[in-house]
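Each remark here refers to the structure printed beneath this line.
We did not get these values from a lab; they are worked out from the coordinates using the rules stated. Just so it is clear, the structure is predicted and the values come from calculations on it, not from any experiment. Cβ placement follows ideal geometry from the backbone for every residue including glycine, while neighbour counts extend to all protein chains displayed.
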């Protein structure tokens, strides 16, 4: 079998994909009897022509030279962004071509419409590279767990955020220092807010929600909180309490309700995903009857991600189009209705009666304290008070902290982080 490929976008992943296809095409043919030929390549930057020339492949700056080419079977979209990418993907599908994309933002925003069109036109969408780079996550869930019901999952889906938190933990450095180091190593997106404020993780969570539960969530209804407010104090105190702080994508199915959220979370330090270090990604899944599963590996980078792109090319060359059936009448739970345990850190004047005032406000909102520690003694100075609560309602925690921060003995805003006892 022969398949002709058109690649749109020669960024980090696009260049790596072209190199990998050139290097491993004979291996792919030997293993699968599929001969993959890159027929044409496109990038808006004319200077990319020089890079492409070493492979003796036609180059263009016009994506429609590929989309309108009747000899090209599969369009590989690797430009990123949403508006232009969406136009190219939809145009390719309408031209009768299958599509492979690594574009998580596009799928999170417009996946519902794109997959609906592909299904109508009986075309395939390959998107393994859109979540966790080289980890074969999409196929493992859609095929390996096809006979299972996913109950919940927890994911470390952004390597940059995990790298920063790991550095803060291991080297006791500030968030800003760890961010600078991540930027120097090239781990951070050009728009760093996508990584550190949880937006990149949100996009991947949306795709996994579709795969696991058949739901494309409205992104505006999913609670998202990044890691920029996490202090070295919180990282240190979490460790003393036998926890680690991770930026998690969390999903839990409860009958007709779906709990989706992204935020820093305290998790037990002996749990496997607590051990995920530096820029690696992981997804922990509980499914019935499979049980508990852990997927782990490199979640970014050109070469690792190109392996997933190539896997998609091969897969959709042989398989008929297949889509997850969308599930209706499932409602996204509001963060305010969340029932959880909480870590809370107050900065309070070191004087008698402060803890009693805090405890009174918490009790008035039915928040029960599991443990409390005053970390230092500095007369007439603000010192940390660290509490762990029993299970409480999110809305009550927020109300309580708002009232506590109004006290003259408190230097706010006070910090709170949700706990997941995995």
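Suppose R0 equals 56 Å. What FRET efficiency, 1/(1 + (r/R0)^6) with r the Cβ-Cβ distance, do residue 334 and residue 177 give to the nearest 0.05? About 0.95, to the nearest 0.05.
For the pair residue 27 and residue 355, label points projected 7 Å from Cα toward Cβ lie 6.1 nm apart. Take the alpha carbon gyration tensor of the stretch 133-227, find the square roots of its eigenvalues, order them as a ≥ b ≥ c, and report rounded if a/c is under 1.5; if not, report prolate when a/b exceeds b/c, else oblate. Note, shape of the stretch 133-227 comes out prolate.
Stretched out straight at 0.36 nm per residue, the stretch from residue 236 to residue 326 would grow longer than its current Cα-Cα span by 28.1 nm. When both bridge partners sit in the stretch 2-130, DSSP labels roughly 0% of those beta bridges antiparallel.
Estimated from helices alone, the mean residue ellipticity of the chain at 222 nm is -11000 deg cm²/dmol (sum of -39500 (n - 2.57) over DSSP H runs with n ≥ 4, per residue). Taken as Cα centroids, the stretch 82-143 and the stretch 241-290 sit 26 Å apart, rounded to the nearest whole angstrom. Between residue 363 and residue 34, the contour length at 0.36 nm per residue exceeds the Cα-Cα span by 111.8 nm. If I model a spin label at residue 83 and residue 46 as a point 7 Å from the Cα along the Cα→Cβ vector, what separation in nanometres do I get? Label-label distance for residue 83 and residue 46, simple model: 2.4 nm.
For the stretch 356-396 versus the stretch 297-344, the spacing of their alpha-carbon centroids is 37 Å. Computed over the chain with a Gaussian network model linking Cα atoms closer than 10 Å, the most mobile of 60, 373, 101 is 373.
What the Cβ-Cβ distance of residue 54 and residue 373 gives, at R0 = 56 Å and to the nearest 0.05, is a FRET efficiency of 0.35. In the Gaussian network model of the chain, springs joining C-alpha atoms below 10 Å, which of 313, 367, 57 carries the largest mean-square fluctuation? Sorting by GNM fluctuation, first place goes to 57. Could you tell me how far the Cα centroid of the stretch 47-76 sits from the Cα centroid of the stretch 10-34, in Å? Between the Cα centre of the stretch 10-34 and that of the stretch 47-76, the gap is 15 Å. Computed from the C-beta positions of residue 341 and residue 19, the FRET efficiency with R₀ = 60 Å rounds to 0.80.
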